[in-house]
1. Among residues belonging to the stretch 45-54 that are over 15 Å from I397 (Cβ atoms) and of a type outside the set (D, E, K, R), point out the one that is nearest to the chain's Cα centre (by Cα).
2. Can you pull out the residues in the stretch 185-230 that are buried (at least 21 other Cβ atoms within 10 Å of the Cβ), more than 12 Å from the ligand (Cβ to nearest atom) and among the hydroxyl-bearing types (S, T, Y)?
3. Would you be able to say whether some residue in the stretch 368-380 is touching a residue at least 12 places away in the same chain (Cβ under 8 Å), among the β-branched types (V, I, T) and in a loop (DSSP other than H, G, I, E, B)?
4. Across the stretch 358-389, which residue is surrounded by the fewest Cβ atoms within 10 Å (Cβ to Cβ) among those that are within 18 Å of R421 (Cα to Cα) and touching a Lys or Arg at 6+ places or on another chain (Cβ under 8 Å)?
5. Would you confirm whether any residue within the stretch 241-257 is among the β-branched types (V, I, T), within 25 Å of A331 (Cβ to Cβ) and out of contact with any Asp or Glu (no Cβ under 8 Å at 6 or more places or on another chain)?
6. With modelled with pLDDT of 95 or more and out of contact with any strand residue (DSSP E or B) (no Cβ under 8 Å at 6 or more places or on another chain) as the only criterion, which of T361, T405, T345 stands out?
7. What are the pairs with Cβ atoms under 8 angstrom where one residue, in the stretch 94-110, is within 16 Å of the ligand (Cβ to nearest atom) and the other, located anywhere, is acidic (D, E)? Sequence gap at least six, or different chains.
Amino acid sequence: MRLSRYFLPVLKETPAEARVASHRLMLRAGMIKQQAAGIYSWLPLGFRVLRRIEQIVCEEQIRAGHIPMLMPTIQSADLWRESDRYDAYGPEMLRIQDRHDRELLFGPTNEEMITDIFRTHVTSYKNLPLTLFHIQWKFRDEIRPRFGVMRGREFFMKDGYSFDLTRKDAMHAYNRHLVSYLQTYERLGLQAIPMRAESGPIGGEDTHEFLVLADTGESIVYYDSAVTDIRLDQRLIDYDDVAQCQKIAQDFTAVYARTEETHDEEKYAQVPKDRQRCARGIEVGQIFYFGTKYSKPMGALVQTADGEMVPVHMGSHGIGVSRLVGAIIEASHDEKGIIWPEEVTPFHCGIINVKQGDVETDRLCDQLHEGINRLGLEALYDDREERAGAKFATADIIGLPWRVTVGPRGAKSGLVELESRRTGERQELLAEAVAPRIAQIYGVEQLSVVDNV
Ligand code: 5CA
């Protein structure tokens, strides 16, 4: 992509309203534009990152055996009356009336709708276990939308709903989600810690939030520092293996880690003093088991092997996809700008032409650009008639992990410079070696799981 033909409205000034790094950098890097409090347009660069995160979240759900679908954003109030949540949800719910005065709402979550789909089509234990998920926009009329996309009113969420015959089976769905979430965050370059939490309006007794530690996080958390040393051995996970998922979930959840709302001073006192930590974190996901809270009142019954009709056991499991964009930036930036992890970067690399108009330099840049494209990778080629300094500043803000700099001196002998945004390490190499090197860094031969759906 040639920057001269792209849409990248980078801001020179730091916007006054942005108080945390991710919000500031997303505005400065031309990723988002606020349209109303907590409501944003995703400009092309931001949209690319959002899509990449969505893709990874989707792939990991499919890997865990969960099935993608799509439900609408607008829901009928009557459905929420069946579960008794229409009034209970309060002012956070955006209520809408259509031209026939029918009551609708912009969905803040989808437990009722998925239960309705389930009761319409599933009647037997033979169809269980089942987990359906979608990745869709939600609206919650938050009293204090802030920090950009981190606490929006309109936000993008992966929400999955599990259906099982028994509580025991439902606990496997819970553990399976816990493990798949750890895997997802790890792929995104984040360490997220599962912490015992409160269930709020979703309901249920068992619930864990996933927190990324960050000074700018909105949640206060207490934990035993040993929890940050536990590692997932990614290659060995078999999501159908009940005992294995349970073991991994237990390894993580047995260590003290709780949000402020569920913090227990007595239990915390048993953690060795030198391992006690109180910190702030960003909640990037939450899993719930709430049994028959929705299936009972809404009549989502299944027949058991004995012919008995019983309400199905349910859980719901959410990942804050748009919030993750902010969380990743909070975890990965420096004073100059964003530093994208390779897994979610909007472009694989940048090409900087330090002397636009110089025949040799232009030609080499064109060659590089095409060579990278040909391997199925995407480069953002800064071909603007701008000073080199301005191009470097833009590159620093938008934070592509790899940058190829092409100048007239090197161009004479076919040499360019490859620089890592994270370490600042530079390496001079022949222009024809660049595309294969970038391909190697990204392991382009890997196939995406979603291609097989
Ligand atoms: N139905 C359940 C799970 S499917 C549910 O709605 N869970 S939730 O309320 O915990 O939301 C799931 C995730 O969405 C949260 O962990 C958080 O990462 C994200 N989220 C929630 N509210 C907002 C918001 N106002 N702005 C951005 N992300 C949000």
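1. I53
2. Answer for the stretch 185-230, where residues must be buried (at least 21 other Cβ atoms within 10 Å of the Cβ), more than 12 Å from the ligand (Cβ to nearest atom) and among the hydroxyl-bearing types (S, T, Y): Y222, Y223.
3. Among the residues of the stretch 368-380, not one is touching a residue at least 12 places away in the same chain (Cβ under 8 Å), among the β-branched types (V, I, T) and in a loop (DSSP other than H, G, I, E, B), which makes the answer no.
4. Of everything passing the filter in the stretch 358-389, A388 is surrounded by the fewest Cβ atoms within 10 Å (Cβ to Cβ).
5. For the stretch 241-257, residues among the β-branched types (V, I, T), within 25 Å of A331 (Cβ to Cβ) and out of contact with any Asp or Glu (no Cβ under 8 Å at 6 or more places or on another chain): present.
6. When all the criteria are applied, what remains is T345.
7. Pairs found: L94/D141; P108/E92; T109/D159; N110/D159.
Yes/no matrix, rows are residues, columns are (1) near the ligand (Cβ under 9 Å from one of its atoms); (2) buried (at least 16 other Cβ atoms within 10 Å of the Cβ); (3) hydroxyl-bearing (S, T, Y):
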{"position": "Y86", "(1), (2), (3)": "no, yes, yes"}
{"position": "I114", "(1), (2), (3)": "no, yes, no"}
{"position": "I135", "(1), (2), (3)": "no, yes, no"}
{"position": "G148", "(1), (2), (3)": "no, yes, no"}
{"position": "F155", "(1), (2), (3)": "yes, yes, no"}
{"position": "G160", "(1), (2), (3)": "yes, yes, no"}
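The values are calculated or read from the model by the stated rules, or taken from the named source; none is laboratory data. Bear in mind the structure is a predicted one, so any value in this text is a computation, not a measurement. No Cβ is skipped: glycine too gets one built from the backbone with ideal geometry, and neighbour counts run over all protein chains shown.
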